[in-house]
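Below is one structure, written out as structure tokens; the observations come after it.
The values are calculated or read from the model by the stated rules, or taken from the named source; none is laboratory data. Just so we're clear, the structure is a prediction, and the values are computed from it rather than from any experiment. Cβ coordinates were reconstructed from backbone atoms using ideal geometry, including for glycine residues, and neighbour counts include every protein chain displayed.
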Amino acid sequence: MNLSIRPVTADDVSAVEALWEEAGMTSYASSGDIAGEITGKLERDPDLFLLGEVDGTAVATIMGTWDGHRGRIKRLVVATTHRRSGLGADLTDELEKRFTERGITRLRLEVWADNAGGLAFWEERGYELQPDIRYFVRNLDDSNDPC
Ligand SMILES: CC(C)(COP(=O)(O)OP(=O)(O)OC[C@H]1O[C@@H](n2cnc3c(N)ncnc32)[C@H](O)[C@@H]1OP(=O)(O)O)[C@@H](O)C(=O)NCCC(=O)NCCS
């Protein structure tokens, strides 16, 4: 399988949205405005938002963010047709390389507790589960939108 990895561009918005939909990523409560999330990310650290393609078809994404102290990984998604072929690992390798080149070496991420595959993937890569941390969210505009 010939995987190529490059940053997401504005031309990829609908392909990324379709991929996330197919992969089940948009069913999570925190998904919210998907197209807005994709276009918003293109305005900030776009080189940390990566697309994996096989034969020109979008099959995987990963998104890195940076808060000035730690990097955060979001939206690692591989199309259901292409899983367990190393694509998730390849995209993560590339994002970790880009973080390292920026001097960002402390990473964190969230995985839903019922996502057995996601938990196994990150543990396999050496990411450490933090059972003593609870995760809080709040909308400052008092809306009910997912955070
Ligand atoms: C999690 C996900 C990104 C993994 O992508 P992938 O391309 O299939 O993963 P890889 O092929 O690179 O797997 C690398 C290793 O991780 C582990 N792994 C990956 N998926 C696994 C699963 N479902 N169950 C158990 N272990 C798994 C294995 O050790 C695997 O190596 P192996 O195939 O040689 O056994 C993919 O299943 C996915 O898109 N899931 C839906 C979205 C999601 O859960 N994202 C992660 C949370 S942020």
### Single residue of the range 91-140 satisfying the filter (more than 8 Å from the ligand (Cβ to nearest atom), outside any helix (DSSP H, G or I) and among the acidic types (D, E)) that is farthest from E22 (Cα to Cα)
D132
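So is G88 surrounded by 16 or more Cβ atoms within 10 Å (Cβ to Cβ), more than 8 Å from the ligand (Cβ to nearest atom) and touching a residue at least 24 places away in the same chain (Cβ under 8 Å) or not?
Details: surrounded by 16 or more Cβ atoms within 10 Å (Cβ to Cβ): yes; more than 8 Å from the ligand (Cβ to nearest atom): no; touching a residue at least 24 places away in the same chain (Cβ under 8 Å): yes.
Against the criterion (surrounded by 16 or more Cβ atoms within 10 Å (Cβ to Cβ), more than 8 Å from the ligand (Cβ to nearest atom) and touching a residue at least 24 places away in the same chain (Cβ under 8 Å)), G88 does not qualify.
Could you grab me the full set of residues in the range 94-124 that are over 21 Å from D67 (Cβ atoms) and either exposed (fewer than 13 other Cβ atoms within 10 Å of the Cβ) or modelled with pLDDT under 95 (or both)? If you could, list the steps in order and put the result at the bottom.
Keep residues of the range 94-124 that are over 21 Å from D67 (Cβ atoms), which gives 112-121, 123-124.
Matches in the range 94-124: W112, A113, D114, N115, A116, G117, A120, E123, E124.
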### Message
Any residue at all in the range 69-78 that's over 19 Å from R44 (Cα atoms), within 16 Å of the ligand (Cβ to nearest atom) and not in a strand (DSSP E or B)?
### Response
no
### Task
Could you grab me the full set of residues in the range 1-24 that are closer than 16 Å to F49 by Cα and either in a loop (DSSP other than H, G, I, E, B) or hydroxyl-bearing (S, T, Y) (or both)?
S4, V8, T9, S14
### Task
Out of the residues in the range 56-68 that are more than 8 Å from the ligand (Cβ to nearest atom) and over 8 Å from the mean Cα position of the chain (by Cα), state the one that is surrounded by the most Cβ atoms within 10 Å (Cβ to Cβ).
V59
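Residue check: is V137 in contact with a helix residue (DSSP H, G or I) (Cβ under 8 Å, 6 or more places away or on another chain), modelled with pLDDT under 95 and β-branched (V, I, T)?
It is false that V137 is in contact with a helix residue (DSSP H, G or I) (Cβ under 8 Å, 6 or more places away or on another chain), modelled with pLDDT under 95 and β-branched (V, I, T).
Considering G52, G32, which residue is among the small types (G, A, S) and modelled with pLDDT of 95 or more?
Values: G32 fails: modelled with pLDDT of 95 or more.
Exactly one residue qualifies, and that residue is G52.
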